[in-house]
Amino acid sequence: MKSDQVLFRAAECGSETDSPLRVQGKFFFVGEEKLYLRGVTYGTFRPNEQGEEFPPLKVVNRDFARMAASGMNAVRTYTPPPLWLLDAAQQHGLRIMAGLPVERSVAFLDYRKCARSIEEMVRAEVRARAGHPAILGYTIGNEIPASIVRWHGRRKLERFLERLYWAAKEEDPQCLVTYVNYPSTEYLQLSFLDFICFNVYLESQQCLDAYLARLHNIADDRPLVMAEMGLDSLRHGETVQAQVLDWQIRTTFAAGCAGAFVYAWTDEWFRGGGEVEDWKFGITDRNRSAKPALAAMRKVFTEVPFMEEVPWPRVSVVVCSHNGARTIRDTLEGLKKLVYPNYEVIVVDDGSTDRTAAIADEYDCRVIRTANQGLSSARNTGWQAATGDILAYIDDDAYPDSHWLHYLAAPFLSTVNTSQAAVGGPNLTPSTDGPIAKCVAHAPGGPTHVLLSDREAEHIPGCNMAFRRSCLQAIGGFDPQFRVAGDDVDVCWRLQERGWTLGFSPAAVVWHHRRNSIRAYLRQQNGYGKAEALLEKKWPEKYNIAGHLKWAGKVYGIQYMRWRPDRIYHGTWGLAPFQSLYEPAPGMMDSLPMMPEWYLFISLLGLLSLVSFLWTPLRLIWPVFVVAAGMPLVQASSFAAHVNFAHAPHSRIARFKLRLLTACLHLLQPMARLCGRLRHGLTIWRQPAVVGLALPRPWLANIWSKRSLSVDERLQGMETALCAYGALPLRGGDFDAWDLQVRGGPLGSARMFAALEYHGDGRQLLRIRSWPRCSAPAVVLTLTFAALSAGAAADHAWDACFALGAVALFVVSRTIHECAAATAAFLTATRKMEWEEKHDERR
């Protein structure tokens, strides 16, 4: 009777597999319902007379019924399952992740006939099962040995796996396809896969948690599934196996994984022509008697991804909107579907003139109406009215995943990192957005995160961020001067300035609509340029001399054409268990074509090319002009060619149009940003040191003092004084023969060196030496234009001579002016220090 009840319960669940499984961001969905994969591996078994590596149907039915009764909904096989097994899985409400054993013959990729036979095998196996509702997806290989990958080379194997991926898609366009990787070939870049699978065996919960964070960044915006995890009960004992599986599964789902497969269902394991008896990873023994691990799995599968008894903190979700009637309904509908147990929603209507407030009134939320004072002011209004300990912000053109607040709040519960003041997550483009929005999503300038490590962020975007209320209150909230953008960057820096850290939760997903017109996108980028200018005025030390942010972490979502090759850490003889791909940080040559100021350089070369009509030798500038103008074009074309429009029309012409538009946006974005930067003073020729002018010459100062201070204390005092005057002092490096430098601009600067003498009467003599310095670009530009002017004069091309000479004189005068400003900064700070010492001596 009991077994009949189990079979009836399994049959009831069978209808769930009739709906197709789809990928949406970091998770799987059946219709509109999220599906976490709670699975177990099955096989391989001794082949039967038909060569099928599975037990008889009677055994399979009994196994599948127990799996379904234990809370499992997925089974992973290592070989293609026969149709009768798929029918049995469907009857019991299970989905099969079917293995295509590519790895068994992948060593022969050097032979075309073998490669073709592998592809034909994939096509035949997928064709035979196409459309079966019990198919979860296909794995085109499992743990291809690291030595084989190294033998063929990473790129060759990546191309071959992509070839197999598309072969499977041609036979069954709706199926999901993945490859099961493992730490020894972690470096494989398989961006074409529908979801990412890894086999990971780590017996330390802390190590597993850290490694899952790394794998999430490798998976990017796709689901991450643990395809194998478990423990050998033969060596560790069945009780320890159950305990380890408990925390392995909990850690996996809490980290944001979309599913996990426990290895394995039974100790029965056939491989290499014989039964394997020296491992016992099964959660049942060879006779299918349950081990303690099965009960542990049954319990934990009913509680994942999050336990209900956890004391979740109250979260206040703040939505700030100005004329957001077009999209705010999606936001509020998404917030309505949150499964978090303790939250409130506050909508701040920032002076909207459309139906924003009326739409918000239809939902269970608090609506606060204010005059239009800008985004930062609205965000301040929201947190000041909130009642939660955690303040979560989402934009009015975004909507959250149903577990968004769980993944945001979980890091705040950690007792390990109590200094974490904020947590952010990714923002992805909805698949239902139009073609222009899809192109904008792949264009530069979108909201993205900057990570210092796999878990710690330097910046989290404003459309998806959460703060401890106490921390946000301690820094006074958001700066109201940032009316449209830049407030999230500013608040992140102010929190870090207080010594707090920012976290990143890869599963805390929101769906963020991108701009759906080119004009709206360019207007947004122009506003970002203005925000950069405001940030530079408030945080000048965060910007380099060219006016660009000096991020310490990795900026996600920005691609570079790298001139330096990637490197793979293989270990000695290729034996490292964890082998990673190391991408060099983008250098000047990598990022130059993406800088807005590159277009100014192209314009300068264009003007020089026009002067060639006055003086023939300047025609040599034309090739340089063509190369400079062509670099952004090549870069934009390369990026657009590699974009994967997953839901794009199947027509080649349609995909070509999308890629063409994406390339155009790559070219237009720096121009729009440049306009915003120039209009608000963020120029490459800006002058950071504004304390007057002084003759740019070397000088020496001697300051007597009764105070006993060290050299570093004196230099820190000098730094403080320079910052107070608006100068930006830079410290000399470990191998520099100077202590501080002040830049008057990109062409001229001044440096100083300090020494300290100690005298017997307790007095000190501080000696300061300073000298002006022309930058290398100033010298090169001056000599180049002077030489060109002289050459034009020798050829009696007087118009060109005067034009080129005027440029040389301008560079010289500008250099002198910047050196004079930097010299004045040091003189002013030194005179202040001297006055303080004299005033102290008189007292």
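The values are calculated or read from the model by the stated rules, or taken from the named source; none is laboratory data. Predicted, not measured: the structure shown is a model, and the values here were computed from it. We place every Cβ from the backbone using ideal geometry, glycine too, and count neighbours over all the protein chains shown. Surface areas here come from the heavy atoms of the whole protein model, side chains and all, with no ligands, DNA or RNA. Shrake-Rupley method; radii C 1.70, N 1.55, O 1.52, S 1.80 Å.
Overview of results
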read-out: Residue within region 4-20 that is of a type in the set (A, V, I, L, M, F, W, C), at pLDDT 90 or above, surrounded by fewer than 20 Cβ atoms within 10 Å (Cβ to Cβ) and outside any loop (DSSP other than H, G, I, E, B) present; value: no
read-out: Selection count, region 159-182, where residues are open to solvent by 10 Å² or more (accessible area, probe 1.4 Å), within 25 Å of the chain's Cα centre (by Cα) and of a type in the set (A, V, I, L, M, F, W, C); value: 1
read-out: Selected residue (criterion: most open to solvent (accessible area, probe 1.4 Å)) from residues of region 729-751 that are farther than 10 Å from residue 822 by Cβ and of a type in the set (A, V, I, L, M, F, W, C); value: 735
read-out: Region 456-482, subset among the charged types (D, E, K, R) and surrounded by fewer than 21 Cβ atoms within 10 Å (Cβ to Cβ), residue farthest from residue 384 (Cα to Cα); value: 456
read-out: Residue within region 433-441 that is in a strand (DSSP E or B) and touching a Phe, Trp or Tyr at 6+ places or on another chain (Cβ under 8 Å) present; value: no
read-out: Complete set of residues in region 556-576 that are modelled with pLDDT of 75 or more, closer than 24 Å to residue 452 by Cα and not aliphatic (A, V, I, L, M); value: 566, 567, 569, 570
read-out: Filtered residues of region 220-250 (kept if open to solvent by less than 10 Å² (accessible area, probe 1.4 Å), under 25 Å from the mean Cα position of the chain (by Cα) and in contact (Cβ under 8 Å) with a residue 40 or more places away in the chain); value: 223, 224, 225, 227
read-out: Any pair with Cβ under 9 angstrom, 6 or more apart, that starts in region 34-45 at a residue that is at positive phi and in contact (Cβ under 8 Å) with a residue 12 or more places away in the chain and ends at one that is surrounded by 24 or more Cβ atoms within 10 Å (Cβ to Cβ) and among the basic types (Lys, Arg); value: 43/76
read-out: Close pairs from region 614-635: first closer than 20 Å to residue 598 by Cα, partner polar (S, T, N, Q) and assigned to a helix (DSSP H, G or I), Cβ under 7 Å, at least 6 apart; value: 621/609; 622/609; 625/609
read-out: Only one of 209, 194 that is within 23 Å of residue 642 (Cα to Cα) and among the charged types (D, E, K, R); value: 194
read-out: So residue 141, is it in a strand (DSSP E or B), at pLDDT below 95 and not aromatic (Phe, Trp, Tyr); value: yes
read-out: The one condition in (1) farther than 19 Å from residue 196 by Cβ; (2) open to solvent by 10 Å² or more (accessible area, probe 1.4 Å); (3) assigned to a helix (DSSP H, G or I) that residue 65 fails to fulfil; value: (2)
read-out: Condition broken by residue 673, with the remaining ones in (1) surrounded by fewer than 14 Cβ atoms within 10 Å (Cβ to Cβ); (2) modelled with pLDDT of 85 or more; (3) basic (Lys, Arg) satisfied; value: (1)
read-out: Strands (runs of 3 or more DSSP E) within region 454-565 that include 1 or more residues touching a residue at least 12 places away in the same chain (Cβ under 8 Å) and of a type in the set (S, T, N, Q); value: 464-468, 501-504
read-out: Selection within region 351-401 - surrounded by fewer than 16 Cβ atoms within 10 Å (Cβ to Cβ), outside any loop (DSSP other than H, G, I, E, B) and hydrophobic (A, V, I, L, M, F, W, C); value: 358, 385
read-out: Selected residue [of a type in the set (S, T, N, Q), over 21 Å from residue 366 (Cβ atoms) and open to solvent by 10 Å² or more (accessible area, probe 1.4 Å)] from 302, 284; value: 302
read-out: Residues satisfying the stated conditions in region 118-131, i.e. in contact (Cβ under 8 Å) with a residue 12 or more places away in the chain and surrounded by fewer than 19 Cβ atoms within 10 Å (Cβ to Cβ); value: 119, 121, 123, 127, 128, 130, 131
read-out: Pair list, Cβ under 6 Å, 6 or more apart: region 52-73 residue farther than 19 Å from residue 36 by Cβ, other residue open to solvent by 20 Å² or more (accessible area, probe 1.4 Å) and of a type in the set (Val, Ile, Thr); value: 65/6
read-out: Residues located in region 271-319, provided they are more than 30 Å from residue 345 (Cα to Cα) and either in a helix (DSSP H, G or I) or within 30 Å of the chain's Cα centre (by Cα) (or both); value: 292, 293, 294, 295, 296, 297, 298, 299, 300, 301
read-out: Residue match in region 762-774 (condition: part of a helix (DSSP H, G or I) and either at pLDDT 90 or above or surrounded by fewer than 17 Cβ atoms within 10 Å (Cβ to Cβ) (or both)); value: no
read-out: In region 190-219, residue surrounded by the most Cβ atoms within 10 Å (Cβ to Cβ) [restricted to those that are farther than 17 Å from residue 581 by Cα and of a type in the set (S, T, N, Q)]; value: 199
read-out: Failed item in (1) open to solvent by 70 Å² or more (accessible area, probe 1.4 Å); (2) farther than 29 Å from residue 159 by Cβ; (3) within 26 Å of the chain's Cα centre (by Cα), with residue 634 passing the rest; value: (2)
read-out: Hey, residue 97 under 16 Å from residue 268 (Cβ atoms) and buried (at least 22 other Cβ atoms within 10 Å of the Cβ) or not; value: no
read-out: Any hit, region 68-78, residues being charged (D, E, K, R), outside any helix (DSSP H, G or I) and either open to solvent by less than 10 Å² (accessible area, probe 1.4 Å) or in contact with a Gly (Cβ under 7 Å, 6 or more places away or on another chain) (or both); value: yes
read-out: Residue check, residue 91 in contact with a helix residue (DSSP H, G or I) (Cβ under 6 Å, 6 or more places away or on another chain), more than 22 Å from residue 200 (Cα to Cα) and either of a type in the set (Ser, Thr, Tyr) or in contact (Cβ under 8 Å) with a residue 24 or more places away in the chain (or both); value: yes
read-out: Boolean, residue 614 is of a type in the set (A, V, I, L, M) and part of a loop (DSSP other than H, G, I, E, B); value: yes
read-out: Checklist (1) of a type outside the set (Val, Ile, Thr); (2) at pLDDT 85 or above; (3) more than 27 Å from residue 460 (Cβ to Cβ) applied to residue 535, failing item; value: (3)
read-out: Pairs where the first residue, in region 568-589, is under 30 Å from residue 628 (Cβ atoms) and open to solvent by less than 70 Å² (accessible area, probe 1.4 Å) and the second is at pLDDT below 80 and of a type outside the set (D, E, K, R), C-beta under 8 Å, 6+ apart; value: 586/560; 587/563
